[in-house]
Amino acid sequence: MELLLQQFQQLGGEGSSPLAIAAAFVAFSLLPLLMLSMTSFIKLSVVFSIFRSALGAQQVPSAAISAALAFVLSVYVMAPVGADALKQTEAALKQYESKPKSGITGVITAAFEPFMQFMRTHTHARERFFFASRGAGSEDSVRSCAASSNAQDSTTCLEQLESIITLIPAFVVSQLSEAFVVGVLIYLPFLLVDLVVANVLVGLGMMMLSPMIVALPIKLALFVASDGWFLLTKSLLLSYSPGGS
């Protein structure tokens with residue numbers, strides 16, 4: 001993290017350089033993608049995409065609606081994190097204005113710290129240790145952290161070795177793993193309906209009738225009867241609660 005911030009400071013000092021200006025434009029263009037990679041949007045969007053595939057309805061809900069729902073729920077989940085980041089950034093800016101010699105590094109660190117804490121909370125330990133060991137350049141220091149008998153000491157040691165460069169890929173992999181687990185749980189009931197409908201149609205000798213035509217209304221009826229939208233969104237949001245996964 002410190003190395004990345006130092007590079008930004010060096011680029012900032014070369015304001016007249018065309019290369020620095022181009023690098024700044026590239027950085028700002030990639031900023032939305034970077035921010036999405038640090039939020040719950042990854043997991044939510046994948047889950048809703050799997051749900052669309054399991055339901056079997058063509059473009060219902062559409063990809064745009066699924067993305068919009070994932071985005072809205074991500075804003076809801078990340079609102080407290082964003083509020084903490086705003087407060088810490090304002091405090092760091094006041095300190096920077098009073099002591100300009102401290103540098104802008106502290107402001108950037110304060111802005112990213114709540115997001116890093118969010119990622120630490122919702123990232124599996126295995127992924128954190130793996131990417132931290134690759135980022136540290138040596139596995140010995142990470143192994144010593146993992147071998148610590150005290151869980152709190154192990155976590156503190158790992159946080160010292162981690163950077164935003166190693167934490168983001170660990171977070172993304174963890175979120176994708178959890179999204180696929182949820183996707184399997186969503187897919188199985190719909191798959192069971194497809195199998196039952198297909199066997200019934202074969203038994204009735206109606207092999208020319210597409211099972212999808214019969215299975216789709218049954219899937220929709222079961223999903224509505226079980227209040228599926230509420231249960232799905234509730235389980236996803238609770239997974240980001242303090243006691244969640």
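The values are calculated or read from the model by the stated rules, or taken from the named source; none is laboratory data. Note that the coordinates shown come from a computational prediction; the quantities given were computed from them, not determined experimentally. Note that each Cβ is placed from the backbone with ideal geometry, even for glycine, and that neighbours are counted across all protein chains shown.
Values as computed for the structure displayed
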{"item": "Test: residue in segment 161-180 that is touching a residue at least 24 places away in the same chain (Cβ under 8 Å) and not in a helix (DSSP H, G or I)", "result": "yes"}
{"item": "Conditions (1) modelled with pLDDT of 85 or more; (2) assigned to a helix (DSSP H, G or I); number of the one not met by Thr155", "result": "(1)"}
{"item": "Filter result for the condition that a residue is at pLDDT 70 or above and surrounded by 15 or more Cβ atoms within 10 Å (Cβ to Cβ), over Thr121, Thr109", "result": "Thr109"}
{"item": "Residue match in segment 90-106 (condition: at pLDDT 75 or above and of a type in the set (S, T, N, Q))", "result": "no"}
{"item": "Residues satisfying the stated conditions in segment 42-65, i.e. hydroxyl-bearing (Ser, Thr, Tyr) and within 20 Å of Ser177 (Cβ to Cβ)", "result": "Ser45, Ser49, Ser53"}
{"item": "Extreme residue, surrounded by the fewest Cβ atoms within 10 Å (Cβ to Cβ), among residues of segment 196-238 that are assigned to a loop (DSSP other than H, G, I, E, B) and either polar (S, T, N, Q) or within 31 Å of the chain's Cα centre (by Cα) (or both)", "result": "Asp227"}
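Conditions (1) modelled with pLDDT of 70 or more; (2) part of a helix (DSSP H, G or I), marked per residue:
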residue: Gln9; (1), (2): no, yes
residue: Gly15; (1), (2): no, no
residue: Ala24; (1), (2): no, yes
residue: Leu31; (1), (2): no, yes
residue: Thr39; (1), (2): yes, no
residue: Arg52; (1), (2): yes, yes
residue: Pro61; (1), (2): yes, no
residue: Phe71; (1), (2): yes, yes
residue: Pro80; (1), (2): yes, yes
